[in-house]
Amino acid sequence: MAELRRALGLLDAIMVNVGVMIGSAVFLTASEVARAFPHPALQLGTWVVAALFSLAGALTIAELGAALPEAGGLYVYLRRAFGPFWGFLYGWALFAVIQTAAIAAVAVGLATYFGHFVPLSPGGAQLVAIGAIAALTLVNVLGVREGVVTQNVVTFAKMAVVLGLVILAFAGRPASGADLPAALPTRSVGLAALGAALVGPLFAFDGWITLSYMGGEVKQPSRNLPLAALASVGIVAALYLALNGAYLFVLGSRGVAASPLVAADTARALLGSRGADLAAAMVALAMLGGLNGNILGGARVLYAMAGAGLFWRPAAHVHPRFGTPALALVAQAVVSVAFVFTGRFEQLLTSCLFASWLFYALGGLAVFALRRDPSLERPYRVPGYPVVPALFVAFAALLLASTVAADPRDAAVGTALLLTGVPAYLLFSRMARHAPG
């Protein structure tokens, strides 16, 4: 029986994470941070805090990935640490809503920005979104190298565009800083304000976990998974800080706070009407890379679940010629396309976002649980243990609590959707027990 191939080198692994992390959020959320904090130092500091939290999470999860270098990521780690139910619940949440709805949302966003260049009706935008999901799924079915090369090319392109905008901002015009406060505010920053301001930046960094889904296809995983985690978050943090610095340099703090489309307004201030074209192209490239990365990584979780008998069994099949989990990719695409057709993905995704923090916190706890397993080799250990993983767990728990408190209705809907995993687990478990052989 064919198996997944270890075809991803260190550069490929880094680009998978970078490509998923750099999505649309960094081009849209700076104004929310600026409204929460009127001083540019505090605004940039918020992005630094988000980067440090994401780095702590990436390095923590990398310990699990190096010890369990298999396809499936958190599904595998939670199953090993806490039992098959918790692993399944994570995988089910990804399949039922989180990953598939995110793919639908990014595809529709991509079509929206594509519509800047080619006018599209609502139906036409849907067709473009569905075509993008289908085309990138096909690329990833044809081979992991094909999917990763696509990811590398798109990621390098959007990094170049972002760096171009940053260079243009700092070299092309004087600073617009007359309206910035000269000193930091003397009043203390409340935890509630910091938590609210961090939501956007943390969402912009979300994606650092994607590579863990592909642990079974990374060469030298004990070395490359931790290095890729460190490098990818570091690269994205540097780009995000530079880009937010460019926003502040061009628009000023008040201008950033007043701009709902801060990247577009920055580009327009630098290039006039052509700036809108640059901004649309930049966001479209970012979304294209994010879409490909989500398709590439998410199917590996379904593949791992099917291999354990906890999902549609054919999804565990590896194509004998292409070496990819072709049917898992197709199953993921079918649900994603259904979300595009229904148009319900945004509300469902918002309702289930709190679940991401729940599973991230459980992933951090899994490091502590599996440290007590003497049979598990640990070629890499998270630096600063137990402080770093403990801080990551505590921060994830705080974000989970603040997300639920901020919108209990969405959290209740998300909990109900998550609980559909209970009967699904019972059904698949029963089928696995009665399966022949």
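Solvent-accessible area assigned to carbon and sulfur over the chain amounts to 69 percent, based on a 1.4 Å probe.
When the Cα positions of S253, T403, V33 are compared along the charge dipole of the chain, T403 comes out farthest toward the positive end, with charges on each C-beta of Lys, Arg, Asp and Glu.
The long axis of helix 99-114 is offset from the longest Cα principal axis of the chain by roughly 40 degrees.
Axis of helix 122-141 versus longest Cα principal axis of the chain: the two differ by about 50°, to the nearest ten degrees. Seen from a random direction on average, the alpha-carbon convex hull of region 77-144 projects onto 6.0 square nanometres. Counting only alpha carbon atoms, the long axis of helix 274-307 and the longest principal axis of the chain meet at about 20°. Taking only Cα atoms of the chain, what ratio of Rg to Rh do you get with Rh as the Kirkwood inverse-distance radius? Radius of gyration relative to Kirkwood radius: 0.96.
When the Cα positions of A134, P119, Y360 are compared along the charge dipole of the chain, Y360 comes out farthest toward the positive end, with charges on each C-beta of Lys, Arg, Asp and Glu.
Over all pairs of different C-alpha atoms in region 229-359, the reciprocal of the mean inverse distance, the Kirkwood hydrodynamic radius, equals 18.2 Å.
Residues in the chain average 40 Å² of solvent-accessible surface per residue, probe 1.4 Å, ligands and nucleic acids excluded.
Computed log10 I(q)/I(0) for region 1-122 at 0.19, 0.23 Å⁻¹: -1.28, -1.35, from the Debye equation with unit scatterers placed on every C-alpha and solvent omitted. Over all orientations, region 295-413 has a Cα convex hull whose mean projected area works out to 10.3 square nanometres. Between F82 and A157, the FRET efficiency estimated from the beta carbon spacing at R0 = 30 angstrom works out to 0.15.
Hey, what number do you get for the chain at 222 nm if only DSSP H runs of n ≥ 4 count, each worth -39500 (n - 2.57), divided across all residues, to the nearest 500?
Details: 17 runs with 315 residues, N = 437.
When only DSSP H runs of four or more count, the value is -24500 deg cm²/dmol.
The alpha carbon centroids of region 62-117 and region 297-365 are separated by 6 Å.
The values are calculated or read from the model by the stated rules, or taken from the named source; none is laboratory data. Everything quoted here is computed from the prediction, not taken from an experiment. Using ideal geometry, Cβ is built from the backbone for each residue, glycine included, and neighbour counts are taken over all protein chains shown. Note: areas computed on protein heavy atoms with side chains; ligands, DNA, RNA excluded. Shrake-Rupley method; radii C 1.70, N 1.55, O 1.52, S 1.80 Å.
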